[in-house]
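Engineer: Would you mind keeping the following structure in view while I ask a few things?
No lab work stands behind these numbers, since they all come straight from the coordinates. If you're wondering where the values come from, they're calculated on a predicted model, not measured in any experiment. Note that we place each Cβ from the backbone using ideal geometry, even for glycine, and neighbour counts take in every protein chain shown.
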Amino acid sequence: MSKRDCKLILALDLPEKEPAVEILRGLRGKLEWVKIGLQMYLKYGAELVREVSAMGFKIFLDLKLFDIPNTVASAVESVAALPVSMLTIHASGGREMIEAAVKAAERTNPDLAILGVTVLTSFDADSLAETGVELEPEWQVELLAKLAVSGGVRGLVCSPLEIGRLRGIVPEGVALVTPGIRPAGASSDEQKRIMTPSEAAEAGSDFIVVGRPILKAEDPAAAVEKILGEIDA
Ligand code: C5P
């Protein structure tokens, strides 16, 4: 399979804003996308989103929304007023919730792509069963991916090991966004099922999400360049 155009997203998972902004200053012009998750969003909120956007980065807001459809739609409308390009919701919130999120984005900010999260990679068959889900995780991932796509999401967040399976069942235009990426030779931290940037790009990932290997690097800009080089390799 020929490689798709695969982009790098930095997961900005840090406890304090200043060191995060300092790292981003050094990445201007080298990196396009930044993922802001709950840790930073709950502390620094919309102001951080505006600040990172004003630095020239595109923003993926990883809030993994899950609530009744009306509440999720209202939350999407709040986010749509911010310079955010991608936002996550839980596909397990059901068809009505997914459609409400997608419609709210279309209505308020058509440039905002809603992405579906299927089964968190922290789940295994036993922990899924404890929540009443008897399907094997990979079948539940497939089921939720199909549901999310039919509900109108523009992308799915998945493990790199699920790319092959999902590429076979979702349309080409649906973006696959994959964390669990480690550059060749880097520490895996606690990530278990990992791929290198090159392997993920080869498998059909559209966006790879990398946090600690860049944030903890002595030279984050050099780490970004190494990863971009690996994607193109
Ligand atoms: O530091 P690291 O590269 O492991 O960061 C990966 C990012 O992707 C984190 O923000 C983490 O929450 C997120 N993520 C993940 N695995 C998933 C879903 C999201 O690592 N299954």
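Per-residue answers, yes or no, for (1) within 13 Å of the ligand (Cβ to nearest atom); (2) surrounded by fewer than 17 Cβ atoms within 10 Å (Cβ to Cβ); (3) among the acidic types (Asp, Glu):
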residue	(1), (2), (3)
Lys7	no, no, no
Lys17	no, yes, no
Leu24	no, no, no
Arg28	no, yes, no
Leu31	no, no, no
Gly37	yes, no, no
Met40	yes, no, no
Ala46	no, yes, no
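Engineer: Could I ask something else about it? Report yes if some residue within the stretch 193-204 is near the ligand (Cβ under 10 Å from one of its atoms), of a type outside the set (Phe, Trp, Tyr), buried (at least 17 other Cβ atoms within 10 Å of the Cβ) and more than 17 Å from Leu27 (Cα to Cα); otherwise report no.
Structural biologist: Yes, the stretch 193-204 has at least one match.
Engineer: Can you name the residue in the stretch 101-138 that is within 18 Å of Leu156 (Cα to Cα) and loosely packed, with under 13 Cβ neighbours inside 10 Å and, of all such residues, is nearest to the ligand (Cβ to nearest atom)?
Structural biologist: Looking at residues that are within 18 Å of Leu156 (Cα to Cα) and loosely packed, with under 13 Cβ neighbours inside 10 Å, I get Ser122.
Engineer: How about the stretch 207-233: which of its residues are among the charged types (D, E, K, R), within 15 Å of the ligand (Cβ to nearest atom) and touching a residue at least 12 places away in the same chain (Cβ under 8 Å)? Lay out the reasoning, then the answer.
Structural biologist: From the stretch 207-233, those among the charged types (D, E, K, R) are 212, 216, 218-219, 225-226, 230, 232; that's our starting set.
Okay, now just the ones that are also within 15 Å of the ligand (Cβ to nearest atom), so 212, 216, 226, 230.
Selection gives Arg212, Lys226, Glu230.
Engineer: Still on this structure, please answer the following. Against the condition within 17 Å of the chain's Cα centre (by Cα), among the charged types (D, E, K, R) and more than 16 Å from Cys6 (Cβ to Cβ), how does Arg212 come out, does it pass? Reasoning before the result, please.
Structural biologist: Details: within 17 Å of the chain's Cα centre (by Cα): yes; among the charged types (D, E, K, R): yes; more than 16 Å from Cys6 (Cβ to Cβ): yes.
Yes, satisfied.
Engineer: Quick one: which helices (runs of 4 or more DSSP H) sit completely within the stretch 1-113 and have at least 3 residues that are under 28 Å from Glu142 (Cα atoms) and touching a residue at least 40 places away in the same chain (Cβ under 8 Å)?
Structural biologist: Values: elements: 17-25, 38-54, 69-80, 95-108.
The qualifying helices (runs of 4 or more DSSP H) are 95-108.
Engineer: Let me ask another. Quick one: how many residues across the stretch 149-189 are within 13 Å of the ligand (Cβ to nearest atom) and among the acidic types (Asp, Glu)?
Structural biologist: Looking only at that region, the number is 2.
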